[in-house]
Amino acid sequence: MRALVWLLPLILPLGAAAALLVRPRWSWLLPVAPLPALALALLGAPTSPPDLAWVLLDMRLDLDPLGRLLLTMTAFLWACAGAYGRALAARSRGFGPLMLLTMTGNLGLVLAADVLSFYALFALMTFAAYGLVVHDRTAFALRAGRVYIGLAVAGEALLLTGLLLAVAAAGDLQLAGLGAAVARAPQRDLIVGLLLAGFGVKAGIVPLHVWLPLAHPAAPVAASAVLSGAMIKAGFLGWVRVLPLGEAALPGWSVTLVTVGLASAFVGVALGLTQRDPKVVLAYSSVSQMGIVAVLVGVAAGAPDAAPPAIATAAAYAFHHGLAKGALFLGAGLAGAALAARRHRLVLIGMALPAAALAGLPPSSGVAAKTWTKEAVALLGGGWAGTVTLALSLAAVGTTLLLGRLLFVLVHRTPRRTLERGQLGAWALVLAGVAVGTWVLPAAFLGPLDLPALSPATVWDGLWPVALGAAVAAAAWRLHRARGLALPDVPPGDVGAPAG
């Protein structure tokens, strides 16, 4: 019974995948399959992890506070995306099983406590998701699939090499203690570089981001929501699990991560503003937001004392981004459906909640994520901390501009889909998660975080970047209307577009 509690989050999605191959009409399994994982995350483990060596070469599962927070977001988002995609799964024999296989890998890697299980589940998630990217079999989807799988294979090669070197240094397959072994290893910098790049492909940081703006618009809406909301967080989790954060000061890698993170934050905005497809705009927004997560990991790498609060903040930010981005992708799918005018306006209004959260507009949940982020960045010390803090505020201006671009392309987009049963309800559930989740769960699960007070200083700090971004967006709109000025067209995938 003890083993079943821990294995059910993996067994149920796998069994459901097999069932849907035979009975596609059992699409109700899609939202049900992640529920054991969600219950485990919300309620906590009722028993200590059992010995699962009989499952997969000394398999170990565990759930620490950080994993518990990410598993909550991941399982919740998969359940809502599954409810949204039920109709498609019922009429497409391949979509449901591929969603469930990808789900198994995504949920399982959060629970994995040994290197072999983590890598196997990470690879399952990565390669099963390829089928979701190419699901529509259009020329664009197949081209996106080629870029995705090419970078995925390269990332897996880097990752596997780094993990093998780390395991050799540790003399053990357990994730616990792996970072300490890497910190003492003679090849420390080589291992860190390989792992940063290998997991960086999944995280979508610049210049490893080019698969995101191709894969996200190619995949069906339900798959895009979890690709951007949940799966790219696996890159962040990998960094936390295997890098020597808190074990040693890595000043060179800290500067590299902070620099690359800030570059990702601004490049994602700049390229997203040139796009005409709402899902591509959202994909570039994910590049930008994951850049902020990379900045926080860079803070953690700077000094051992900075690691616990910076990692906790990065996890809270990843949680916040996952829910908000999932809501925006599902909302973009609804806005592209043939709705009555009143419902269409309601969808656009509803999307304002996750948009405000991503921009950090008070009193949305984004205020908490933004405040924690600035407190963590202050741990850098000196003028460097002030420069990074200002850069993050300017990135929030860019986020506001990008979300304004999203609204613009949605308003001017011709509906191409029909609304399916259950899609509005699934989206509304994610919106509820955005409204309350970041205010409640990160502070409850992660010790270093306390809920910020909505003081006048906090409100102003969140308000001015959004107000400035809105003013710039309004001025750009007027120039467009008066003089026909438009941004240049950059193909989705930018530098990676020719590779397809």
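Condition check ((1) at pLDDT below 95; (2) out of contact with any helix residue (DSSP H, G or I) (no Cβ under 6 Å at 6 or more places or on another chain)) across all residues:
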position	(1), (2)
Ala180	yes, yes
Leu195	no, no
Leu212	yes, no
Val221	yes, no
Gly198 meets each of (1) touching a Leu at 6+ places or on another chain (Cβ under 8 Å); (2) of a type outside the set (Val, Ile, Thr); (3) assigned to a loop (DSSP other than H, G, I, E, B) with one exception, condition (3)
Within segment 222-259, the count of residues that are crowded, with 21+ Cβ neighbours inside 10 Å, hydrophobic (A, V, I, L, M, F, W, C) and without any contact (Cβ under 8 Å) to a residue 60 or more places away in the chain comes to 3
Any idea which residue in segment 93-149 is farthest from the chain's Cα centre (by Cα), counting only those that are β-branched (Val, Ile, Thr), assigned to a helix (DSSP H, G or I) and surrounded by fewer than 23 Cβ atoms within 10 Å (Cβ to Cβ)? Val115
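Being open to solvent by 50 Å² or more (accessible area, probe 1.4 Å), β-branched (Val, Ile, Thr), within 19 Å of Met73 (Cβ to Cβ) and assigned to a helix (DSSP H, G or I) narrows it down to one of Val430, Val440, Val367, Val472, so name that one. Before you say what the answer is, go through the steps one by one.
Numbers: Val430 fails: open to solvent by 50 Å² or more (accessible area, probe 1.4 Å); Val367 fails: open to solvent by 50 Å² or more (accessible area, probe 1.4 Å); Val472 fails: within 19 Å of Met73 (Cβ to Cβ).
Going through Val430, Val440, Val367, Val472 in turn, the sole match is Val440.
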Filtering segment 393-421 down to residues that are among the basic types (Lys, Arg) and at pLDDT 70 or above, which residue is farthest from Thr458 (Cα to Cα)? Arg421
Looking only at segment 137-153, how many residues end up being within 16 Å of Ser224 (Cβ to Cβ) and either at pLDDT below 90 or of a type in the set (A, V, I, L, M) (or both)? 3
By my count, helices (runs of 4 or more DSSP H) wholly in segment 1-82 with at least 2 residues that are among the small types (Gly, Ala, Ser) and open to solvent by less than 70 Å² (accessible area, probe 1.4 Å) are 2-22, 35-43
Quick test of your reading of the structure: Gly381 fulfils all but one of (1) on the phi > 0 side of the Ramachandran plot; (2) buried (at least 19 other Cβ atoms within 10 Å of the Cβ). Name the failing condition by number. (2)
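The values are calculated or read from the model by the stated rules, or taken from the named source; none is laboratory data. Predicted model only: the values in this text are computed from it and were never measured. Quick reminder, even Gly has a Cβ in these numbers, built from the backbone with ideal geometry, and neighbours come from all protein chains shown. Each accessible area value is taken on the protein alone, full model and side chains, heavy atoms only, with ligands, DNA and RNA left out. Shrake-Rupley method; radii C 1.70, N 1.55, O 1.52, S 1.80 Å.
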